[in-house]
Amino acid sequence: SYPSQGALWDELDGYLQRHRARVSPPGVTVYYQEEPIDLEVCVPLDESAGGADLPDEGRVRVHQLEGIEQAAAAIHSGPLQAIGEAYKSLVGWIERNGYQLAGPMREVYLNGPQAHSQTDPGVVVEIQAPIAKA
């Protein structure tokens, strides 16, 4: 479920600590599919510190995220449990302006380590939606 992704962040954090990896925030969640939910939690690695040479381990893979050529974005500030309104506004804008989704949506956690808390009022997230003209 969306709120239970904290366990994935914990798994990734453990891997990064075991390998003494340096990261370059912000953390990102990529949503590949809604039902059933399929997502990936990610952190940029500091390549100057050997980040690209880290091994894959269990469910953790080291890879380059695909770029987004064109995106619509919205900023959500407040508890993650209320992020649905920002998604609703973003999707509405996309539809009203003749665009369609062109890839997986992302959440970029702008204020610190991965924002796990569903109720923390200080969370700031940029929602990115890859788009193309419909």
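Karplus couplings for the range 24-30 from phi (6.51 cos²θ - 1.76 cosθ + 1.60, θ = phi - 60°), rounded to Hz, Gly and Pro as x?
10, x, x, x, 9, 10, 10
Keeping every protein chain present and rolling a 1.4 Å probe, give me the accessible area per residue for the chain in Å².
Numbers: 8080 Å² over 134 residues.
Value returned for the chain: 60 Å² of accessible area per residue.
So if I take the centroid of the Cα atoms in the range 28-45 and the same for the range 1-18, what is the distance between those two points in Å?
Comparing the Cα centres of the range 28-45 and the range 1-18, I get a distance of 12 Å.
Rounded to two decimals, what is the ratio between the C-alpha radius of gyration of the range 1-40 and 2.2 N^0.38 Å? Provide the component values of the computation, followed by the final result.
Details: Rg = 11.8 Å, N = 40, 2.2 N^0.38 = 8.9 Å.
Taking N as the residue count of the range 1-40, the ratio is 1.32.
Please report the carbon-and-sulfur percent of the accessible area for the chain; probe 1.4 Å, protein heavy atoms only, DNA, RNA and ligands left out. Walk me through the numbers on the way to the answer.
Values: 4020 of 8080 Å².
C and S atoms contribute 50 percent here.
Provide the net charge surrounding ILE68, with neighbours chosen by a C-beta distance below 14 Å and charges set as Lys +1, Arg +1, Asp -1, Glu -1.
Numbers: positive: ARG106; negative: GLU66, GLU69, GLU107, GLU126.
That works out to -3.
How much mean residue ellipticity at 222 nm does the chain get from its helices, if each DSSP H run of length 4 or more adds -39500 (n - 2.57) and you divide by all residues, to the nearest 500 deg cm²/dmol?
Values: 2 runs with 26 residues, N = 134.
Mean residue ellipticity, 222 nm, calculated: -6000 deg cm²/dmol.
Measure nothing fancy, just the Cα-based angle from helix 84-96's long axis to the longest principal axis of the chain, in degrees from 0 to 90, nearest 10.
The angle comes out at about 50 degrees.
Per residue of the range 56-67, in order, report the coupling 6.51 cos²θ - 1.76 cosθ + 1.60 (Karplus, θ = phi - 60°) as ³J(HN,Hα) in whole Hz, putting x for Gly and Pro.
Computed from phi, the couplings for the range 56-67 are 5, 8, x, 8, 8, 10, 9, 7, 8, 5, 5, x Hz.
List every residue whose amide H lies under 5 Å from the amide H of ARG22, counting only residues 5 or more places away in sequence or on a different chain, with H placed 1.01 Å from N in the peptide plane.
Residues meeting the amide H criterion: ASP46.
Return the distance in nm (one decimal) between the two label points of a simple spin-label model at ASN111 and LYS133, each offset 7 Å from Cα along Cα→Cβ.
Between ASN111 and LYS133, the label points sit 3.8 nm apart.
Mind checking which of SER48, SER24, SER77 has the largest fluctuation in a GNM of the chain, springs on alpha carbons under 10 Å?
Most flexible of the set in this elastic network: SER48.
In terms of modelled amide H atoms, which long-range or inter-chain residues lie less than 5 Å from the amide H of ASN111?
Excluding prolines and chain starts, which carry no amide H, the hits are VAL124.
Rounded to two decimal places and with Rh computed the Kirkwood way over Cα pairs, what is Rg over Rh for the range 41-105? Kindly include the intermediate steps, with their values, before the conclusion.
Numbers: Rg = 16.4 Å, Rh = 15.0 Å.
That ratio is 1.09, to two decimals.
Using the Cβ atoms and a cut-off under 14 Å, what net charge is assigned to the surroundings of PRO3, where Lys and Arg are +1 and Asp and Glu are -1? Intermediate results must be reported in sequence, preceding the final value.
Working: positive: none; negative: ASP10, GLU107, ASP120.
Neighbour charge sum, excluding PRO3 itself: -3.
Assuming R0 = 25 Å, can you tell me the calculated FRET efficiency for the pair ASP10 and GLN64, based on Cβ-Cβ distance, to the nearest 0.05?
Details: r = 24 Å, r/R0 = 0.94.
Efficiency for this residue pair is about 0.60.
By how many nm would the segment from VAL124 to SER48 grow when fully extended, if each residue of separation counts as 0.36 nm and the alpha-carbon distance is taken off? Write out the running numbers ahead of the final one.
Values: separation 76, 0.36 × 76 = 27.36 nm, distance 2.76 nm.
Difference between extended and current length: 24.6 nm.
Suppose accessible area is computed on protein heavy atoms with a 1.4 Å probe; arrange ARG96, ARG20, ARG106 from highest to lowest. Walk me through the numbers on the way to the answer.
Details: ARG96 175, ARG20 205, ARG106 35 Å².
The residues order as ARG20, ARG96, ARG106, largest area first.
The values are calculated or read from the model by the stated rules, or taken from the named source; none is laboratory data. Treat the numbers as computed from the prediction; the structure is a model and nothing was measured. Cβ atoms come from the backbone with ideal geometry, glycine included; neighbour counts cover every protein chain shown. Heavy atoms of the whole protein, side chains included, go into the accessibility calculation; ligands, DNA and RNA do not. Shrake-Rupley method; radii C 1.70, N 1.55, O 1.52, S 1.80 Å.
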